[in-house]
1. Taking region 169-186, which residues are within 11 Å of the ligand (Cβ to nearest atom) and either in contact with a strand residue (DSSP E or B) (Cβ under 8 Å, 6 or more places away or on another chain) or not assigned by TED's automatic domain parsing to the domain that holds residue 113 (or both)?
2. Which of (1) more than 24 Å from residue 123 (Cβ to Cβ); (2) in contact (Cβ under 8 Å) with a residue 40 or more places away in the chain; (3) among the small types (Gly, Ala, Ser) is the odd one out, the single condition residue 174 does not satisfy?
3. Can you find a residue in region 207-226 that is in contact with a Gly (Cβ under 8 Å, 6 or more places away or on another chain), touching a residue at least 60 places away in the same chain (Cβ under 8 Å), of a type in the set (Phe, Trp, Tyr) and more than 15 Å from the ligand (Cβ to nearest atom)?
4. Can you name the residue in region 32-50 that is surrounded by 10 or more Cβ atoms within 10 Å (Cβ to Cβ) and of a type in the set (Asp, Glu) and, of all such residues, is modelled with the highest pLDDT?
5. Regarding residue 201, is this residue surrounded by fewer than 16 Cβ atoms within 10 Å (Cβ to Cβ), under 19 Å from residue 123 (Cβ atoms), in the same structural domain as residue 153 (by TED's automatic domain parsing) and away from the ligand (no atom under 11 Å from the Cβ)?
6. Cβ-Cβ under 8 Å, sequence separation 6+ or interchain: first residue in region 133-151 and modelled with pLDDT of 95 or more, partner of a type in the set (Gly, Ala, Ser). Which pairs?
7. Buried (at least 16 other Cβ atoms within 10 Å of the Cβ), modelled with pLDDT of 95 or more and more than 12 Å from the ligand (Cβ to nearest atom): is that true of residue 164 in this structure?
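The values are calculated or read from the model by the stated rules, or taken from the named source; none is laboratory data. Worth saying up front: this structure is predicted, and the values here are computed from it rather than measured. Neighbour counts run over all protein chains shown; Cβ positions are idealised from the backbone, glycine included.
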Amino acid sequence: MFEYQLKKSARRKTVAIKVHNQQVTVYAPSYIAKKQIDSWLLEKKTWVDAQLLKQLTVVDCKQYPFETKKICIYSEQVNVQFEQGHYSGVKPQLAGLLITVSKRVKHQQLKYQKLLEEYLKEQLTAYIEMRLTYFCTQMNEALPRNLNIAIYKRKWGSCNSKRDLTFNLHLIGAPQHIIDYVIVHELAHLRHLNHSKAFWQRVEIFYPDHKSASQWLKINGMSLQWGF
Ligand SMILES: [Zn+2]
């Protein structure tokens, strides 16, 4: 049998159960004996258990990691708030980002993570696309075949002989001039698929301050990685 709080009232004519916040409350007319209530509740046990289980899932999901967290977008701290609602989506607000996950979604945490990643990916893609166009013109380079965004543990970007460029999603936390360095670095790889002297000379022409940018990434790189 489950625990419950009994609320008797002289005005009540019927017995009722309410399950809220993991609490079971039984409302009963004052003349009914506790024994009677208990045997009635026994019949309702399956229903009450189902309600408790349903609420447990929701309560669990509201806890970690759903308190406000801070992430970095282009070197600025942004508050990310979570709420449950009737739909799923991300809304930029004055105070940061509001992530709404529909109550109907089963894996609340996964959905929350996915929504945040998709939003950041969109932001980073838009920025990189714009800068790729600019630097390709500067470097007299045709646009890459594909632009991908992925989560890497140990590198900021990559480039292959098919002219596919991939950038690390965690770059979204870096200042834009640092992202520019990674773009120039990868574009220079289109002609030199190595880190030869010729490669670095090409980087230097289009991003003269590459040493301090690369140093910045070495020092701050770890702090750009977020976890859930
Ligand atoms: Zn490289």
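1. Within region 169-186, 182, 185, 186 meet the criteria.
2. Every listed condition holds for residue 174 apart from (1).
3. Looking through region 207-226, at least one residue is in contact with a Gly (Cβ under 8 Å, 6 or more places away or on another chain), touching a residue at least 60 places away in the same chain (Cβ under 8 Å), of a type in the set (Phe, Trp, Tyr) and more than 15 Å from the ligand (Cβ to nearest atom).
4. Restricting to residues being surrounded by 10 or more Cβ atoms within 10 Å (Cβ to Cβ) and of a type in the set (Asp, Glu), the top hit is 38.
5. Working: surrounded by fewer than 16 Cβ atoms within 10 Å (Cβ to Cβ): yes; under 19 Å from residue 123 (Cβ atoms): no; in the same structural domain as residue 153 (by TED's automatic domain parsing): yes; away from the ligand (no atom under 11 Å from the Cβ): yes.
So residue 201 does not fit the description; no.
6. Qualifying pairs under 8 Å: 136/142; 139/188.
7. On the way: buried (at least 16 other Cβ atoms within 10 Å of the Cβ): no; modelled with pLDDT of 95 or more: yes; more than 12 Å from the ligand (Cβ to nearest atom): yes.
The answer is no for residue 164.
Condition check ((1) away from the ligand (no atom under 16 Å from the Cβ); (2) surrounded by fewer than 17 Cβ atoms within 10 Å (Cβ to Cβ); (3) among the basic types (Lys, Arg); (4) within 27 Å of residue 189 (Cβ to Cβ)) across all residues:
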site	(1), (2), (3), (4)
76	yes, yes, no, no
95	yes, yes, no, no
124	yes, no, no, yes
135	no, no, no, yes
